[in-house]
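Take a look at the structure below.
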């Protein structure tokens, strides 16, 4: 309760100091919560992009925190937004040369085309490896073959749960929950899974040599009969190397889409596909997609005409890389 009252008072002081940037930022520090500080300043920058002072306060904060990865990416965004600020670009290059050795790689990787001489391009393998390492379920290694469906007597010993909360409220929570909370709820008891049998799939990659399910990443070999049922795809979809659209036996419309309950992936790579606009919308229409790579694919509308690129881009407001 003491902490609650302190934070309530601090929140009021923060709101009252919004017109004084230095005071406002110093008050954020009093919360002693790094995520709170970053979320607030990034939200404020998003609403006031032309405020160079705000950008520079954030740059100084990341530098003081020795967060070089975040610092260099912030510099990169700043220099692309303020193209005529050559002084900051020179400062950016100096900082990369000075602190770049603190990174895993001796240069900063950016998703933009045409990186500066002291930057490097970010490629799909880098994105895939990074996201695989950040998988919140990476510590849980599932057996092979994949447990696509509950096996044995999974449901035989289920006991109805008597929660302290009313059952309508429990159902409402399950209906509104996101993938992170749903994963945690599924671990609490089988009864919760029975109420919402939506397994989490972190990544799907096709085609592969074998079918396996490791760390919530599904590698599919049996592309005509994917062992999926009502899965929620949360992070990445890689479907590529099918040689020719005319001879491709695997199309999302007839195989993968009916097996998924929802797709909220951030990274999507699609090759040699025939999709309708609505089918493509199923995969990228969540608005979460940041990297989208489409090649040798045909997207048509209800009149079987090609869909304009502008209509596709409307589905990806967070896009950072598209080709």
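Miscellaneous remarks
- Qualifying positions in the stretch 15-26 - part of a helix (DSSP H, G or I) and over 14 Å from residue 62 (Cβ atoms): 15, 16, 21, 22, 23, 24, 26
- Scanning the stretch 27-39 for residues that are part of a helix (DSSP H, G or I) and surrounded by 13 or more Cβ atoms within 10 Å (Cβ to Cβ) returns 27, 28, 36, 37, 38.
- Selection within the stretch 56-80 - touching a helix residue (DSSP H, G or I) at 6+ places or on another chain (Cβ under 8 Å) and either without any contact (Cβ under 8 Å) to a residue 12 or more places away in the chain or closer than 20 Å to residue 116 by Cα (or both): 59, 68, 70, 71, 72, 74, 75, 76, 78, 79
- Residue that is surrounded by the most Cβ atoms within 10 Å (Cβ to Cβ) [pool: residues in the stretch 177-194 that are part of a loop (DSSP other than H, G, I, E, B) and out of contact with any helix residue (DSSP H, G or I) (no Cβ under 7 Å at 6 or more places or on another chain)]: 189
- Any hit, the stretch 210-225, residues being within 24 Å of residue 196 (Cα to Cα), under 22 Å from the mean Cα position of the chain (by Cα), at pLDDT 80 or above and not in a loop (DSSP other than H, G, I, E, B): no
- For residue 174, the test of being surrounded by 14 or more Cβ atoms within 10 Å (Cβ to Cβ), over 19 Å from the mean Cα position of the chain (by Cα) and modelled with pLDDT of 85 or more is passed.
- Single condition residue 294 does not satisfy, out of (1) more than 21 Å from residue 201 (Cα to Cα); (2) outside any strand (DSSP E or B): (2)
- There is at least one residue in the stretch 266-283 that is in a loop (DSSP other than H, G, I, E, B) and under 18 Å from the mean Cα position of the chain (by Cα).
- The one condition in (1) surrounded by fewer than 16 Cβ atoms within 10 Å (Cβ to Cβ); (2) under 17 Å from the mean Cα position of the chain (by Cα) that residue 313 fails to fulfil: (2)
- A single member of 288, 235, 304 is at pLDDT 80 or above, in a loop (DSSP other than H, G, I, E, B) and under 18 Å from residue 202 (Cα atoms), and it is 288.
- So residue 261, is it touching a residue at least 40 places away in the same chain (Cβ under 8 Å) and either under 23 Å from the mean Cα position of the chain (by Cα) or in a strand (DSSP E or B) (or both): yes
The values are calculated or read from the model by the stated rules, or taken from the named source; none is laboratory data. Values in this document were obtained by computation on a predicted structure and should not be read as measured data. Here the Cβ is made from the backbone with ideal geometry for all residues, glycine too, and neighbour counts use every protein chain on show.
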